[in-house]
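Read through the structure below, which is laid out as structure tokens, and then see the notes.
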Amino acid sequence: MSSKDAQSISKPKLSLSPLLKTVPRLRLALILPALVLLTALSCSRSPQNAADHSTIPVGFFGDLTGPTYNFGSSAKNGVLMAADEINLAGGINGHKLDVVIEDDKGSPEEAAAITGKLIERYKVVAVIGAGASGNSLAAAPKAQSAHVPLISPSSTNPAVTQAGDYIFRACFIDAFQGEVMARFAAKTLKVKRAAIMLDFNSPYSRGLTEFFEFSFTKLGGEIVAKQSYSQGDPDYRGQLSVIKAANPDVIYIPGYYGEVAIIAKQARQLGLLMPLLGADGWDAPELWELGGDALNGSYISNHYSADDPAERIQKFTHDYRQRYGNLTPDAHAALAYDALKFFAEAVARAGTTESSKLRDALAATKNFTGVTGIISMDGERNAVKPAVILKLEDGKYIYQETIQPETAPR
């Protein structure tokens, strides 16, 4: 059911837990202390009228100041835009969303700590976060033990949702994303020899490597070299020299944009002119600022294309640009937007924010029409949806093709 469909049906009266009827709702932090106090006092409700006027507290956390700050900033933009749209339309069965934002600083330890803070201090009924798989893996046990649904917008490592039945994601998983790029390399580019350059300390990078390697060799390809690095390394010439000696047709680099851009520049300087292949971790404006022309001729798998002519995508892109100073929404913005929207649709169907019933409604999500595709939850609470291949050329991500999943949701 789409969010539009959910709004058109007769809506049950939303049942908020008794605790939420009396706890003041805290607003976003960038307000003068006096205004925060006034807001908190004004949002206090007596037991008699709280049910009609309470807001629904939802937590969001992401990397807002750390090594992948663009991911967190984009996701925050997407969540706030979705929340405003929902609230302007009257909220969820008359109850408006109240988003509480925290910064995990790109740290798994911080992600775990602030998940506990969102649940214990702010009494959120669900958490949207994080971007990086490592941070979601750290946060998930906190949410699971508290029986509070956690929805990751963009953490693609399969282990994230294996933490428990209260953990969900709005994106496809690495098994599919790795397979997608392997299929594109073997069937569209028709290459036979691939090298891999992975971030050994990243669960995201290791997972993509595993699935790309499996799928590529299954399709008749050969992995001729595999080299590793760590996030923040300044020099990759040693690993790239080993790769150059292996003479690959392509190099698969399943990492994040900060390191990828430097690797691309150093690869071109060493005369490695073959296509570089990547994934959604490349999708950030800073990639082009750091890598420039060295990225031309590369390809990535991603969750959506802002150039897709579909009406829902063009409306989302237009509205986002209007709101955020003509900034084009990347996949992290679109995924976070979808995550909050399909959470809201599940609350509307459940008619309550009670944790077990909300969890069941999220797990039952089928054919939700999101910006990033039609979302259905499978038995592991992963989104079954298509991926797109984009070509990098002159600062742009140019749509190439859509690759559909081969399995249907259970």
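The values are calculated or read from the model by the stated rules, or taken from the named source; none is laboratory data. From a predicted model like this one, the values you see are computed outputs, not experimental measurements. Cβ coordinates were reconstructed from backbone atoms using ideal geometry, including for glycine residues, and neighbour counts include every protein chain displayed.
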Some residue of segment 62-79 being within 30 Å of E259 (Cα to Cα), hydrophobic (A, V, I, L, M, F, W, C) and free of Cβ contacts under 8 Å to residues at least 12 places away in the same chain: no
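The rows are residues; the columns are (1) buried (at least 17 other Cβ atoms within 10 Å of the Cβ); (2) more than 20 Å from the chain's Cα centre (by Cα); (3) hydroxyl-bearing (S, T, Y).
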{"site": "P285", "(1), (2), (3)": "no, no, no"}
{"site": "G292", "(1), (2), (3)": "no, yes, no"}
{"site": "L295", "(1), (2), (3)": "yes, yes, no"}
{"site": "Y299", "(1), (2), (3)": "yes, no, yes"}
{"site": "Y304", "(1), (2), (3)": "yes, no, yes"}
{"site": "D307", "(1), (2), (3)": "no, no, no"}
{"site": "A310", "(1), (2), (3)": "no, yes, no"}
{"site": "Q314", "(1), (2), (3)": "no, no, no"}
{"site": "D319", "(1), (2), (3)": "no, no, no"}
Strands (runs of 3 or more DSSP E) completely within segment 308-410 that count 2 or more residues being more than 26 Å from K96 (Cβ to Cβ): 373-377, 387-393, 396-403
Residue under evaluation D280, criteria (1) free of Cβ contacts under 8 Å to residues at least 60 places away in the same chain; (2) under 26 Å from T402 (Cβ atoms), criterion not met: (1)
Residue selected from segment 226-245 under the condition free of Cβ contacts under 8 Å to residues at least 60 places away in the same chain and closer than 27 Å to F172 by Cα, by the criterion surrounded by the most Cβ atoms within 10 Å (Cβ to Cβ): Y229
Among the residues listed as I403, I389, I398, the single one being touching a Lys or Arg at 6+ places or on another chain (Cβ under 6 Å) and either in the same structural domain as A185 (by TED's automatic domain parsing) or under 30 Å from Y69 (Cα atoms) (or both): I398
Number of the exception - Y257 against (1) of a type in the set (F, W, Y); (2) modelled with pLDDT under 95; (3) out of contact with any Leu (no Cβ under 9 Å at 6 or more places or on another chain): (3)
Tally, over segment 351-410, of residues that are charged (D, E, K, R), without any contact (Cβ under 8 Å) to a residue 24 or more places away in the chain and more than 23 Å from V148 (Cα to Cα): 2
Criterion: at pLDDT 95 or above and within 27 Å of S155 (Cα to Cα) - qualifying residue of K4, K76: K76
Those residues of segment 226-250 which are under 14 Å from L276 (Cβ atoms) and either touching a strand residue (DSSP E or B) at 6+ places or on another chain (Cβ under 8 Å) or of a type in the set (V, I, T) (or both), in sequence order: Q227, Y236, Q239, L240, I243, P248, D249, V250
Long-range neighbours under 7 Å by Cβ, at least six apart or interchain, first residue closer than 15 Å to R193 by Cβ within segment 209-220, second buried (at least 23 other Cβ atoms within 10 Å of the Cβ) and of a type in the set (F, W, Y): F212/Y252
Condition broken by G232, with the remaining ones in (1) small (G, A, S); (2) at pLDDT 95 or above; (3) not in a strand (DSSP E or B) satisfied: (2)
Neighbours by Cβ (under 7 Å, 6+ apart or cross-chain): first from segment 250-273, within 22 Å of N70 (Cα to Cα); second of a type in the set (S, T, Y) and assigned to a helix (DSSP H, G or I): P254/S205; P254/T209; G255/S205
Within segment 178-225, considering residues that are of a type in the set (D, E, K, R) and within 27 Å of the chain's Cα centre (by Cα), the one farthest from G134 (Cα to Cα): R183
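Every residue in segment 86-104 that is of a type in the set (D, E, K, R) and free of Cβ contacts under 8 Å to residues at least 60 places away in the same chain, please.
Of everything in segment 86-104, those that are of a type in the set (D, E, K, R) and free of Cβ contacts under 8 Å to residues at least 60 places away in the same chain turn out to be K96, E102, D103, D104.
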